[in-house]
Amino acid sequence: MSDDVVICSAKGCRAPAGFALVWNNPKVHTPDREKIWTACEEHREQLSHHLAARSFLRRVDPLDQDR
């Protein structure tokens, strides 16, 4: 695995990420600010649920690793 491969943001996971979870905490960030967690297929639902339960999740986008 090369150094430029984006890995999953889940704790302890070293798998390549396939998704960008775009989120914003309205108590801390301005409305136009977008933060990103990356997720592999295995952790996409778990991380999305964590953000959605707090009303932070805006969208889940496919991550283009070839950029």
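The values are calculated or read from the model by the stated rules, or taken from the named source; none is laboratory data. All values reported here derive from a predicted model rather than from experimental measurement. For neighbour counting, all protein chains shown are included, and Cβ atoms are generated from backbone atoms with ideal geometry for every residue, glycine included.
At-a-glance table
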item	result
Residues (at pLDDT 95 or above and more than 13 Å from the chain's Cα centre (by Cα)) located in the stretch 32-67	Asp32, Arg33, Ala53, Arg54, Ser55
Meets criteria (closer than 21 Å to Asp4 by Cβ and of a type in the set (Gly, Ala, Ser)) for Ala20	yes
Wholly within the chain, strands (runs of 3 or more DSSP E) carrying at least 2 residues that are of a type in the set (Val, Ile, Thr) and surrounded by 11 or more Cβ atoms within 10 Å (Cβ to Cβ)	35-39
